[in-house]
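Worksheet: one structure, shown below.
Laboratory data are not the source of any read-out in this text; all were calculated from the coordinates shown. Since the model is a prediction, treat every value here as computed from it, not as a measurement. Virtual Cβ from ideal backbone geometry, glycine too; neighbours counted across all protein chains shown.
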Amino acid sequence: MFDFKDKVVVVTGAARGIGKCIREEFQKAGARALCIDVLENNYFVGDIADRETLERFAAKVIADYGYVDYLVNNAAPKMCGITGGSYADFEYALRVGVTAPFYLAKLFAPHFREGAAIVNISSSRDRMSQPESESYTAAKGGISALTHALAVSLAGRVRVNSVSPGWIDTAYTVYEGADAMQQPAGRVGNPLDVANMVLYLCSDKAGFITGENICIDGGMTRQMIYHGDFGWHLQKQE
């Protein structure tokens, strides 16, 4: 479906989960997919919360390949809440989730080729929350807003979009009953649901799309659920 032969794509947080799936799908389509992750991988191990690490990583990419076609900001920020989270925890989450995507876009800006694209991985938490999720939610809300700001600043040079996954099971577990039915699509998502959209947004097929945030949640954020709906029952607190 996609042909990314000789394209260079950078994927942050690509050693496991959604990021790994995105990296592998780009490789299947012929791209050179380069990973930066705190976990062991075959290209660059490092913490994107650190400015010098980002600079060394970007310098290596350009030294090795000379250009970048696509940047996928996937690395997940730390989740902490207002009760147990510290100042340092919250700041670290924002450095991973918002500052690093901004700085990588800045570092690669002179090196993007014609037809380049950035895809930021946000979350449906950019519009809804659970208790004690402030750092993650703030970071995802930030990267959603960063997306349309970058799209305007880089207009005519780089298209910039984001995707907001909902419930994505990285183990490809098949759920039934209420877990499945709370999504109008009738199932829980998996990493390929996200990867397919990322590749589409980077492709020429999406050449007229920029500044958008596309929610990939099986319709979960569109469906109102009350007591007794779709197998869900309110648990009364004693």
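Structure notes:
- Just checking the listed ones, Y70, Y136, Y103: in the Gaussian network model of the chain with Cα springs under 10 Å, the one fluctuating most is Y103.
- FRET efficiency for the E114 to R187 pair, using the beta carbon distance and R₀ = 45 Å, is estimated at 0.70.
- Eligible aspartates and glutamates near K205 by straight Cα distance, threshold 16 Å, same-chain separation 8 or greater: D3, D69, E114
- Label reach from Y172 (point 7 Å along Cα→C-beta): in segment 1-44, no amide nitrogen lies under 11 Å.
- 22 Å Cα-Cα threshold exceeded, pairs from K78/K140; K5/K140; K20/K140; K7/K60; K60/K106: K5/K140
- Rg to Rh, two decimals, where segment 1-147 supplies the alpha carbon set and Rh follows Kirkwood: 0.98
- Here's how it looks for D169: its modeled amide H is under 5 Å from those of G189, N190, which are all 5 or more places away or on a different chain.
- Sites E55 and Q223 - FRET efficiency at Förster radius 45 Å, r taken between beta-carbons, to 0.05: 0.55
- Using Cβ point charges alone (K and R +1, D and E -1), the dipole size of the chain about the Cα centre works out to roughly 540 debye.
- Take the Cα of D89, step 7 Å toward its Cβ, do the same at A63, and the gap between the two points is 3.8 nm.
- Positive-end extreme of charge dipole, the chain - chosen from C202, Y43, A180 (charges on Cβ): C202
- Label point distance in nm, S129-I209, each placed 7 Å from Cα along Cα→Cβ: 2.9 nm
- The chain: most fluctuating residue of V152, V11, V68 per GNM, C-alpha cutoff 10 Å: V152
- Normalised contact order of the chain, rounded percent, pairs of Cα under 8 Å and 6 or more residues apart: 18 percent
- Positive dipole terminus of the chain, leading residue within V61, L146, V98 (C-beta point charges): V61
- Counting neighbouring beta carbons within 10 Å and listing from fewest to most, the residues R95, R16, R127 come out as R16, R127, R95.
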